[in-house]
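These notes are about the structure you will find just below.
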Amino acid sequence: MSKRLDSGGRIDRSQRIRFRFNGKSYEGFAGDTLASALLAQGVRLVARSWKYHRPRGILSAGVEEPNALVQLFEGGRTVPNARMTEVALVPGLTARPIHAEPGIEFDWRAVNNRFSRFLPAGFYYKTFMASQKAWHFFEHHIRKASGLGESPTEADPDRYERRFEHCDVLIAGAGLSGLSAALAAARSGARVVLADEQNEMGGWLLSSDATIDGAPAAQWLQDTLAALRALPDVRLLPRTTVFGYQDHNLLTLAERCTDHLAPGSAPAQTPRERLWKVRAKQVVLATGAHERPLVFANNDLPGVMLASAVTTYIRRYAVLPGQKAVVFTNNDMAYDAAVALHKAGAQVQVVDARSEVTGDLSARARSLGIPVMAGHVVVQADGSGSVTSVQVQAFQPDGQLGQASTRLACDLLAVSGGFSPVIHLYCQSGAKPVWHEPGACFVPGAPFQAERSAGACRTPMNMASCAQDGWRAGAEAVQQAGFPAPGGAAPQLLAIETGSLRPLWEVPHPVATSRAPKKFVDFQNDVAASDIHLAVREGFESIEHVKRYTAMGFGTDQGKTSNINGMGIAAQLLGKRIPEVGTTTFRPNYTPVTFGLLAGGELGDLFDPIRTTAIHDWHAAQGALFEDVGQWKRPWYYPKPGEDLHAAVHRECLAVRHAVGTLDASTLGKIDIQGPDAAVLLNWMYTNAWSKLEVGKCRYGLMLDENGMVFDDGVTVRLGEHHYLMHTTSGGAARVLSWLERWLQTEWPHLKVYLTSVTDHWATTVVAGPKARAVLEKICSDVNFDEAAFPFMSYREGTVAGVGARIMRISFSGELSYEVNVPASQGLAVWEAIQAAGAEFGITPYGTESMHVLRAEKGYIIVGQDTDGSMSPVDLGLGGMVAKTKDFLGKRSLSRSDTARTDRKQLVGLLTKDPQLVLPEGAQITDTEFKGQTPHPMLGHVTSSYMSPILGHSIAMAVVKGGHHRMGETVVVPLRDGRNVTATICSPVFFDPKSERQHA
Amino acid sequence: MLLIECPYCGVRAETEFSFGGEGGIARPLDTETMTDEQWGDYVFMRKNPKGLHHEQWNHATGCRRWFNVLRDTVSYRIVAVWKVGEAPPPAAQAWFEKNRQGEKA
């Protein structure tokens, strides 16, 4: 049974903390993790495994934990798959086991374990390839059975922040190596950032009884942190995981700011988490090493723990994980756990796979009288729900088992298969690890970016070497960054002999692997040695294939305790050396990172800038609904009480055609073009000719990409001799400006022409309808609005409602129409003056929906609606706009064989046989009725479709293959509900084909 | 996140820039005499080297000027940066000697 020790540990026994786990109330201390607090209360069973739903306990004391996952906190603050070994205990903490029904004590899905021989790796594929129907039936149940924690269903109430930092040296890891590096680097005056993922800095020092510079480790740690804090340019970041090594020495860090504090006790405005983006001149990776478990039958029983974790629970948390312990190891490091157990009052014996036991730690253990069975292995752990005994056999140098078997009673099995340097960040930096034969592990090779590794993550080494190595790395980093070498020396410890390691990837069993009880490799994904045997038998030879076939290493722990064991087993089966089987690759993130951290403050209204015009509030006050056009909010329609969209649009459109309406067109892109070469630029950019456009005239232009496809359109106005104003679509303004600038800067830098975005400088009111002239004449007396004096497609400057205005006679609705541009600050006042002047005529504001209908009645295109980047001017029926003599961007593509085909999709109008039927936009067009037969040849699709108020019947614009030559022909539009609608191809100009109204 | 030196503004983070693809492509002068294939090469075909790549970048949220970059697509190391219209700096000369094919700088 596990229990709390009466004294010792780094917990604060004066602060009791109540918390809930699995529906029960427990108590722990400040400084506990959820794991240590539960172990202290004798709780062993904490989870059920993912596939077989086997009972599981706590394996480790850190981020490498594969078993002890919980659903932490509730509601919008809940965190799925939190690792108990990392969760700091805080008052009111609640945690639930995940993925066990009805609970971990009894999980009905444990029946999977009974049928486990039918559920090995790859069983989905093999079982369900035969019958798709069977898969569709079982999928629902399998989905419910798989997965781990639950996503929150409520909005996250917490704040998340983001910060940039630039420093000279970033040190990842504040254990002995990292702290030594920090001491070497910081005293030179360099800016140093030191980050560590744990709740307290210190790494292994928090569990060590070593002496450093003559002081106990805990004391040295405290003094060192105080010394670092006192230095002016050192930033200490505990509870901060360096989770990504990105490009050019940019590293991403996740700082947890409040989860370790009692709720409500953090200063106001403290974010829950903070993302640091640190650009470091030099990096020191001091990330330590993870202990590997050993792979033997039933090695996943609760009560089986990593030896270093046992040491940590005893020394750091004052928790004795068991009272009758067996330590099973292939190396000398585990003897530290044996000593710690012994000193805490437990009964201990050691089973050592090495025939010859070498090393200072084992010598120390033996001198305390701890019994050691050398040259033996644990072949099987036994117990119902928790380990109660182990079966031990002799292990010969040739790898064979001896015949005789001994049973040892125990309630705790501390295992150690060696240590794997934590090389994840090193690999993420773009570098390649190399295999280290004596340590049976991968270690960093040459650096790829400006970094170096130090300590146990660089190569297996003892603590004394860690201090030296860290110091060296810190000194080197800081000098590379341009600072002087540090004075002083590395912290001093007694060096110890680390002894030998006997590689042991899979412990043999008296019975064949496929028949023995499961020997787990990846605890989180329930991958056993037998699965790897199966994969190799089926021909998967690369570790990348074995991993994908078995799902080994694919859990939230990313295989931290399983990757190397798995590679070792695969290598052994293939008769290869581990490096021949493959090298591990790591990608960010080192440990899971919350979405909140990455989203930062860019949520809700701050997700994307919202752009509103100067007249926006007026629209809102009138009850307008808004539509998003790019980042702009544009009035969509203005429903009167009782009106739906169709009723409002009907009323607005008829008001424009019969009287007068106003549209806020401020959002259209406006680019001011000035310079002697302005017309040269326009001639390059547009398909039509611009040299002869007179001052005071407007012209519509089509802009093509070099592939000859329309990507923007708009009217450009000649304001003066060398002064033009180009209009673009609302959503394309930035793209067009970039396009123009790129060509000017990179292709024609000699042209004298300058561009300025003035979209936001001007507010634009469109006044459209037969009464438009009458309205403007009331509020503008210095412009002659007569048809002869101010013809269609021309420009005048005048004073509207007392404000200097640019007035363009342009029409998108097909009615008599003027666009009144005034400085944005006056936009609302002028809009209101126009409303007042138009009141006697029934002036009506109209939105984008009505605008779409009105222009469709005239067959005018909207780029992005009727075009999709694959329509040339000829396709759109605008071949007349293509100049014949000059070159322009996209010109040559128009004569490419594919662009010149006559059977391309071409823009036409469609009239449905049923005049009240409005075709869905996007509907496919075919020649014959569709009755389910595939393939059914498609001719094109409907691009714009509306009920036309002025005509009283539906209209549509569409693109149809060879449509320009099929006028009058009938086509079929199959609908989703099975109906086949008949329609006739016609001109897309449905109303006022001679355009008499806009010339009025 | 790359660190890029804008030749006008100095060293900035990648998020301030927008990538403009292969650099140094001059628009053909006599497009009417080109075959469809030659024109297609100009419109569509771009180099995709495993190694040094001549690129153009725009300092989109800074000075908004375009400039040339010689960058290694494997290591992401930026070898040289220079303004439009200027000769490539010494660090890039060797590569240009080997790879120049009627490019503009």
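For this structure, a couple of remarks:
- Any hit, region A:957-976, residues being at pLDDT below 95 and not in a strand (DSSP E or B): yes
- Residue satisfying condition, being closer than 30 Å to A:Ser384 by Cβ, away from chain B (no Cβ under 14 Å) and crowded, with 19+ Cβ neighbours inside 10 Å, within set A:Leu425, A:Leu412: A:Leu412
- Any hit, region A:40-48, residues being assigned to a strand (DSSP E or B), closer than 18 Å to A:Gly322 by Cα and basic (Lys, Arg): no
- When region B:1-37 is limited to residues that are within 30 Å of A:Phe888 (Cβ to Cβ) and among the acidic types (Asp, Glu), the one that is least open to solvent (accessible area, probe 1.4 Å) turns out to be B:Glu22.
- Listing of helices (runs of 4 or more DSSP H) fully contained in region A:98-175 that carry 2 or more residues being more than 29 Å from A:Arg83 (Cβ to Cβ): A:123-128, A:132-145
- Checking A:Thr258, A:Thr224 one by one, the residue that is assigned to a loop (DSSP other than H, G, I, E, B), more than 14 Å from chain B (Cβ to nearest Cβ) and under 25 Å from A:Ala88 (Cβ atoms) is A:Thr258 and no other.
- Per the listing A:Gln924, A:Gln916, A:Gln933, A:Gln906, the residue uniquely away from chain B (no Cβ under 14 Å), polar (S, T, N, Q) and surrounded by 22 or more Cβ atoms within 10 Å (Cβ to Cβ) is A:Gln906.
- Failed criterion for A:Gly714 (all others in (1) open to solvent by 20 Å² or more (accessible area, probe 1.4 Å); (2) under 30 Å from A:Asp628 (Cα atoms); (3) in a strand (DSSP E or B) hold): (1)
- Filter result for A:Gly439 (in contact (Cβ under 8 Å) with a residue 40 or more places away in the chain and either charged (D, E, K, R) or open to solvent by 20 Å² or more (accessible area, probe 1.4 Å) (or both)): no
- Screening A:Lys51 with (1) of a type outside the set (S, T, N, Q); (2) outside any loop (DSSP other than H, G, I, E, B); (3) under 26 Å from A:Ser562 (Cα atoms) gives one miss only, at (2).
- Only a single item in (1) more than 12 Å from chain B (Cβ to nearest Cβ); (2) open to solvent by 40 Å² or more (accessible area, probe 1.4 Å) is not met by A:Ser738, and it is number (1).
- Some residue of region B:37-54 being within 12 Å of chain A (Cβ to nearest Cβ) and under 13 Å from the mean Cα position of the chain (by Cα): no
- Residue in region A:856-864 that is more than 14 Å from chain B (Cβ to nearest Cβ), small (Gly, Ala, Ser), over 17 Å from A:Lys961 (Cα atoms) and in a loop (DSSP other than H, G, I, E, B) present: yes
- Scanning region B:62-81 for residues that are more than 9 Å from every other protein chain (Cβ to nearest Cβ), surrounded by fewer than 19 Cβ atoms within 10 Å (Cβ to Cβ) and under 14 Å from the mean Cα position of the chain (by Cα) yields B:Asp72, B:Thr73, B:Val79.
- Qualifying residue in region A:171-194 (condition: in contact with a Leu (Cβ under 6 Å, 6 or more places away or on another chain) and of a type in the set (D, E, K, R)): no
- Pair list, Cβ < 9 Å and 6+ apart or interchain, from region A:827-850 residues that are at positive phi and touching a residue at least 60 places away in the same chain (Cβ under 8 Å) to residues that are open to solvent by less than 20 Å² (accessible area, probe 1.4 Å) and assigned to a helix (DSSP H, G or I): A:Gly842/A:Ala655
- B:Trp95 vs. criteria open to solvent by 40 Å² or more (accessible area, probe 1.4 Å) and either more than 30 Å from A:Leu704 (Cβ to Cβ) or at the interface with chain A (Cβ under 9 Å from one of its Cβ atoms) (or both): yes
- Qualifying residue in region A:517-528 (condition: open to solvent by 30 Å² or more (accessible area, probe 1.4 Å), outside any strand (DSSP E or B) and in contact with a strand residue (DSSP E or B) (Cβ under 6 Å, 6 or more places away or on another chain)): yes
Per-residue answers, yes or no, for (1) in contact (Cβ under 8 Å) with a residue 12 or more places away in the chain; (2) crowded, with 23+ Cβ neighbours inside 10 Å; (3) not in a strand (DSSP E or B):
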position: A:Gln282; (1), (2), (3): yes, yes, no
position: A:Pro293; (1), (2), (3): yes, yes, yes
position: A:Ile314; (1), (2), (3): yes, yes, yes
position: A:Tyr317; (1), (2), (3): yes, yes, yes
position: A:Val351; (1), (2), (3): yes, yes, no
position: A:Arg366; (1), (2), (3): no, no, yes
position: A:Ser384; (1), (2), (3): no, no, yes
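- Subset of region B:13-36 [away from chain A (no Cβ under 11 Å) and assigned to a strand (DSSP E or B)]: B:Phe19, B:Glu22
- Within region A:686-701, the set of residues being in contact with a helix residue (DSSP H, G or I) (Cβ under 6 Å, 6 or more places away or on another chain) and open to solvent by less than 60 Å² (accessible area, probe 1.4 Å) comprises A:Thr687, A:Asn688, A:Trp690.
- Residue match in region A:334-342 (condition: surrounded by fewer than 24 Cβ atoms within 10 Å (Cβ to Cβ) and within 38 Å of the chain's Cα centre (by Cα)): no
- Test set (1) assigned to a strand (DSSP E or B); (2) in contact with a Gly (Cβ under 9 Å, 6 or more places away or on another chain); (3) open to solvent by 20 Å² or more (accessible area, probe 1.4 Å) - A:Leu236 fails condition number: (2)
- Hits in region A:537-547 (condition: in contact (Cβ under 8 Å) with a residue 12 or more places away in the chain and crowded, with 21+ Cβ neighbours inside 10 Å): A:Ile543, A:Val546, A:Lys547
- Of all the numbered requirements in (1) in contact with a strand residue (DSSP E or B) (Cβ under 6 Å, 6 or more places away or on another chain); (2) at pLDDT 95 or above, B:Glu22 misses one, and that requirement is (1).
The values are calculated or read from the model by the stated rules, or taken from the named source; none is laboratory data. Please read these numbers as outputs of a predicted model, since none were measured by experiment. All Cβ positions, even for glycine, are placed from backbone atoms using ideal geometry, and neighbour counts span all protein chains on display. The protein model used for the area step is the full one, side chains on, heavy atoms only, and it has no ligands, DNA or RNA in it. Shrake-Rupley method; radii C 1.70, N 1.55, O 1.52, S 1.80 Å.
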